[in-house]
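Colleague: Please find one structure pasted underneath; my questions will follow.
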Amino acid sequence: MKIEQFEDILAWQKAKIMTLKIYSLMKNQKDFGFRDQLCRASVSVMNNIAEGFERKSDSEFKHFLFIAKGSCGEVRSMLYLATELNYINKEEYLFLINQSSEVSKMISGLIKTLK
């Protein structure tokens with residue numbers, strides 16, 4: 001299947017779901033620095049997938065996918081803190097950790113197809 005637009009990329013779709021969930025959970029968070037950093041990191045995942053795809057060059061797409069993968073790691077790191085600081089519960093944590101891990105694996109798969 002040929003991908004015609006970034007919205008067709010499954011990793012972008014899952015990253016969007018993750019981002020919307022994070023925004024929903026953080027909307028009333030008073031630790032503004034933490035909230036903003038977690039939200040920015042999650043948005044970075046989906047936006048870097050989109051921006052890289054729109055560059056229409058495999059090498060640039062791959063570069064942006066590596067940035068998106070790094071942002072996935074940042075999201076997971078912050079989710080550990082969010083749980084330990086009691087900003088999110090265990091169920092929310094498990095859902096988001098699984099989402100971000102799955103997105104990261106999907107991004108890795110995309111990168112391999114571009115090598």
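The values are calculated or read from the model by the stated rules, or taken from the named source; none is laboratory data. Predicted model, so just to flag it, every value in this text is computed and none were measured. No Cβ is skipped: glycine too gets one built from the backbone with ideal geometry, and neighbour counts run over all protein chains shown.
Colleague: Under 7 Å between Cβ atoms, which residue pairs at least 6 apart in sequence (or on different chains) link something in segment 89-109 that is within 22 Å of Leu65 (Cα to Cα) with a partner that is of a type in the set (Val, Ile, Thr)?
Modeller: Going by the 7 Å Cβ cut-off, the qualifying pairs are Leu96/Ile22; Gln99/Ile17; Ser100/Val75; Val103/Val45.
Colleague: Could you tell me whether any residue of segment 36-47 is over 24 Å from Leu110 (Cβ atoms), of a type in the set (D, E, K, R), out of contact with any helix residue (DSSP H, G or I) (no Cβ under 9 Å at 6 or more places or on another chain) and free of Cβ contacts under 8 Å to residues at least 40 places away in the same chain?
Modeller: no
Colleague: For segment 19-58, which residues satisfy the criterion of being of a type in the set (Gly, Ala, Ser) and modelled with pLDDT of 95 or more?
Modeller: Matches in segment 19-58: Ser24, Gly33, Ala41, Ser42, Ser44, Ala50, Gly52.
Colleague: Could you tell me whether Lys69 is touching a Ser or Thr at 6+ places or on another chain (Cβ under 8 Å), more than 23 Å from Asn47 (Cβ to Cβ) and not hydroxyl-bearing (Ser, Thr, Tyr)?
Modeller: no
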